[in-house]
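J.: Handing you a structure now.
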Amino acid sequence: MLKTSVHINRFIRKNLGNTYFRNIHYLKDTTKTSAILTPGCLEFIESIHNNNIDKYHDVLELRKQNNEKKQYFFREDTAEIRNSEWKANELPNKLKNRNVEITGPGNSKKMIINAFNSHADGYMLDLEDSMTPSWYNVINGHHNIKEAARGELVDYKYDNKGNLIKKYEINNNNKLPKFFTRIRGLHMLEENVLVNDKPVPATIFDMATFMYHNAKYMIENNKGPYLYIPKLESYEDAKFINGLLNQTQTELSIPIGTTKVTCLIETYPAIFQTEEIIYALKDHIVGLNCGRWDYLFSMIKSLPKNHIMPYRDELSMDKEFLEDYVHQIVNSCHKRGILAIGGMSAFIPTSNAEENKKVLEKIKKDKITEIQRGCDGAWVAHPGLVKPIKELFVEKLNGSDNLIHYLPENRKKFNNTPKESDFVILDNDLRKNINISLQYISAWLNGNGAVALNGMMEDLATSEISVFQIKQWLSNREEMFSDGTNFVLDEDSFEKVLEEEYKKFICDNQVPYANRNYELAKKILKEYVLSKEHGFLPDVATKYLNINNGFKGVRWDDATYNKISGSRGYVSGLELTKIRGEYLNKFLYEDNNAAYKFLGTSNGVSAVNVVAGGNGIVGPYAGGWQHNAMKNRLNMCLPDTLHVSPEESANCAIE
């Protein structure tokens, strides 16, 4: 067990008169922790974890081996799956129309309520890329899911004087969107929950917690359960997820296949295994989603290091390799009887009517392209986009729910990478990537994973493209072009430009609420870019989320930990207070023991008098504030009220 100075919670279970320590515990309390991580929920998480952890490590090891080879292609050993006739389970009627889905972070009550009231066909509450995975956010996210599923989630807005301005609540009289939850990917760990001293994989934690609290309620009320599964890379990944689904349903006495999932195709290896992923999950899967921003990031990361791509804004959906990406997803989905959901347009509406019109035209153009390629639906990031995009789908689909009967023509060749055409990387491209990275990381550290920057909704996926492009350009010593003198990007020139952009950033940015994180954001960006080890931005940044107010936990040895934990170290909070009260009642009243009392002392003389007259049952309390108050009354004023110095009375009492 990890021995730290932060709160540790353990539980006991009793069986046939014997008592066993459960090997799962969490490291931090929030105001919502006890409502989510109940003893029953922890037991459920531990059971799912223990039955699947070895398979989880096998899947990650296979990922590592495949990524080290950097060989991505349609697999020969799974060709029979691609070439044989089969279909996924039939789509439920409720999930046949998913034209417009809105998404947003799970930690924001207001955004969740606004999404429920947006009249979208679906709403995906996100525990992943658009939400910083701090423990506070994770627990609040799961608590919000539980309340939102039951229509009970509310939020309040107050003015500076504490007066209520507005109450936000879900309008249960409206037709509400289908409610999906995106859990975290297989690459992430939940560092705050340990089993046998090791962090629980975030996928297992999120799926088990979600299912334990919500699955039966959702089934009984025809609300699901519906999940989004991110960052799959292979057939084996999908089989692992299917195993988790089967076990959670079995342990909850839910028929297998009841839980429906949509998988995001947002990694480069996965685009070659779309049909295999559908096959592995055919009892549960209802759709694939085009997670194009993550896909671009994964592509840049997966291709050889010398395969350089232009600045991210030039990687638009009209490029041939991205057209083929969507074609592969649509073809696989419709061939196997499930829906293909288009990607996110990161543009967001503005308060300027003229500018807003231009933004909406860009978004409509993007969605028309997806419809023409066969997508049955699309994502939006803002409630203001739901109505126009829904109207667009109704018009283009002639009132049909979907385009599932449309099968694109098979292509002779799959263009899976951008052509290495002639392009230059501008000095300004580097500076824009640095600026976006600094702003996003600062906000991310502040708990905000979905950040509006320059009229775009940046989440972890879009920002990771920026940081990894800097890393790739530097590792290849790419030439940066500018109006003045061109330069080769190396460690020295990167640090020089970083310092220049940092000075501009701290004076002019769109994340002033995160100002305490500016310096740390620069440190993280520098560490990520200059390191050869990190694949994902959170590989560097997450460790800083586990340091509250700049303080780190202290690690104790077993003897010290057991001593301070007492005989019931697994008990905490209200339960511990009750036990202490019961003990004192028994000690003082039932056993009639004399109480040892304390008297406050404000100086050395009073401390001595208490010791002398206390006869071993009354002792002095060397109170620093009392001591200071006495000195102030005697005009011996101290420099400030925090200068607490009870040394005199304490030392006299000891003597």
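J.: Of 293, 135, which has the most accessible area with a 1.4 Å probe, and how do the rest follow in descending order?
T.: Solvent-accessible surface, decreasing: 293, 135.
J.: Then there is this: Rolling a 1.4 angstrom probe over the protein heavy atoms, how many square angstrom per residue are accessible across the range 283-382?
T.: Working: 3360 Å² over 100 residues.
Normalised by residue count, the accessible surface of the range 283-382 is 34 Å².
J.: Also, quick follow-up: Using only Cα atoms, find the angle between the long axis of helix 386-396 and the longest principal axis of the chain, and express it within 0 to 90 degrees, rounded to the nearest 10.
T.: With rounding to tens, the tilt is 20 degrees.
J.: Still on this structure: Please work out how much accessible surface residue 327 shows to a 1.4 Å probe, ignoring ligands, DNA and RNA, in Å² rounded to 10.
T.: Rounded to the nearest 10, that gives 30 Å².
J.: Could I ask something else about it? At 0.36 nm per residue, minus the direct Cα-Cα distance, what do residue 69 and residue 476 gain on full extension? Give it in nm, one decimal, please. Present the calculation step by step, with values, prior to reporting the outcome.
T.: Working: separation 407, 0.36 × 407 = 146.52 nm, distance 1.97 nm.
Gain on stretching residue 69 to residue 476: 144.5 nm.
J.: Okay, moving on. With the crude spin-label approximation of a point 7 Å out along Cα→Cβ, what separation in nm comes out for residue 156 versus residue 415?
T.: 5.8 nm
J.: Continuing with this model, one more query. Restricting to the chain, what percent of DSSP beta bridges are antiparallel, rounded to 5?
T.: 40 percent
J.: Sticking with this one: If one takes the longest principal axis of the Cα atoms in the chain, at what angle in degrees, from 0 to 90 and to the nearest 10, does the Cα axis of helix 573-585 lie?
T.: 20 degrees
J.: So how much slack lies between residue 559 and residue 618, counting 0.36 nm per residue of separation and subtracting their Cα-Cα distance, in nm?
T.: 18.1 nm
J.: For the range 392-518, what is the accessible area per residue in Å², given a 1.4 Å probe and the full set of protein chains? Present the calculation step by step, with values, prior to reporting the outcome.
T.: Numbers: 6430 Å² over 127 residues.
In whole numbers, the range 392-518 has 51 Å² accessible per residue.
J.: Right, another one. Calculate, in nm to one decimal, what residue 169 and residue 488 gain on full extension: separation in residues at 0.36 nm each, minus their alpha carbon distance.
T.: Here the answer is 109.4 nm.
J.: If you take the beta carbon distance between residue 96 and residue 35 as r and set R0 to 22 Å, what does 1/(1 + (r/R0)^6) give as a FRET efficiency, to the nearest 0.05? Can you show the working numbers first?
T.: Working: r = 35 Å, r/R0 = 1.60.
That pair, residue 96 with residue 35, gives E of 0.05.
J.: Quote the accessible area belonging to residue 444 in square angstrom, nearest 10, computed with a 1.4 Å probe and with ligands, DNA and RNA left uncounted.
T.: That residue has around 10 Å² of solvent-accessible surface.
J.: Can you give the local net charge around residue 451? Use residues other than it whose beta-carbon is closer than 12 angstrom to its beta-carbon, Lys and Arg +1, Asp and Glu -1.
T.: Charge balance near residue 451 sits at -3.
J.: Compute the long axis of helix 292-302 from its Cα atoms, compare it with the longest principal axis of the Cα atoms of the chain, and write down the angle in degrees, 0 to 90, nearest 10.
T.: 90 degrees
J.: Students often get this wrong, so check it: of 178/365; 96/543; 146/432; 175/357, which have C-alpha atoms separated by over 30 Å? Don't skip to the end; give the middle numbers.
T.: Numbers: 178/365 26 Å; 96/543 41 Å; 146/432 40 Å; 175/357 28 Å.
Listed pairs above 30 Å: 96/543; 146/432.
J.: Any chance you could check the Cα centroid distance between the range 165-187 and the range 105-147 for me, in angstrom?
T.: Going from one Cα centre to the other spans 6 Å.
J.: Using label points projected 7 Å from each Cα along Cα→Cβ, tell me how many nm separate residue 533 and residue 198, to one decimal.
T.: Calculated label separation equals 1.9 nm.
J.: Further question on the same structure: Between rounded, prolate and oblate, where does the chain land on the alpha carbon gyration tensor, with a ≥ b ≥ c its root eigenvalues, rounded for a/c under 1.5, else prolate if a/b exceeds b/c?
T.: prolate
J.: Something else now. Which parts of the range 383-405 would a label at residue 365 reach, counting a residue when its backbone N lies under 18 Å from a point 7 Å out along Cα-to-Cβ?
T.: Answer for this model: 389, 392.
J.: How big is the Kirkwood radius of the range 269-418, worked out from every pair of different alpha carbons and given in Å to one decimal?
T.: Numbers: mean 1/r = 0.0606 Å⁻¹.
Over the range 269-418, the inverse of the mean reciprocal pair distance is 16.5 Å.
J.: If you roll a 1.4 Å probe over the heavy atoms of the protein chains, what accessible area per residue do you get for the range 155-197, in Å²?
T.: Per-residue accessible area for the range 155-197 comes out at 58 Å².
J.: Scan around residue 28 for amide H atoms under 5 Å from its own, H built in the peptide plane at 1.01 Å from N, and keep only partners 5 or more places away or cross-chain.
T.: none
J.: Here's something else I'd like to know. Carbon-plus-sulfur fraction of the accessible area of the range 125-227, 1.4 Å probe, in percent?
T.: So the carbon and sulfur contribution to the accessible surface is 42 percent.
J.: Per DSSP H run of n ≥ 4, the term is -39500 (n - 2.57); total these for the chain, divide by its residue number, and report the mean residue ellipticity at 222 nm rounded to 500 deg cm²/dmol.
T.: Result for the chain, helices only: -14000 deg cm²/dmol.
J.: Same structure again: Calculate how large, on average over all directions, the projected area of the Cα convex hull of the range 438-503 is; give the answer in nm² to one decimal. Please list the in-between numbers first.
T.: On the way: hull surface 21.4 nm².
Taking a quarter of the hull surface, the average projection is 5.4 nm².
J.: Right, here's the next one. Pull up all non-local amide H partners of residue 168: gap of 5 or more, or a different chain, and H-to-H distance under 5 Å with H placed in the peptide plane.
T.: Amide H neighbours of residue 168: 155, 156, 157.
The values are calculated or read from the model by the stated rules, or taken from the named source; none is laboratory data. Predicted model only: the values in this text are computed from it and were never measured. Backbone-built Cβ (ideal geometry, glycine too); neighbour counts: all protein chains shown. Areas reflect the complete protein model, heavy atoms only, side chains present, ligands, DNA and RNA absent. Shrake-Rupley method; radii C 1.70, N 1.55, O 1.52, S 1.80 Å.
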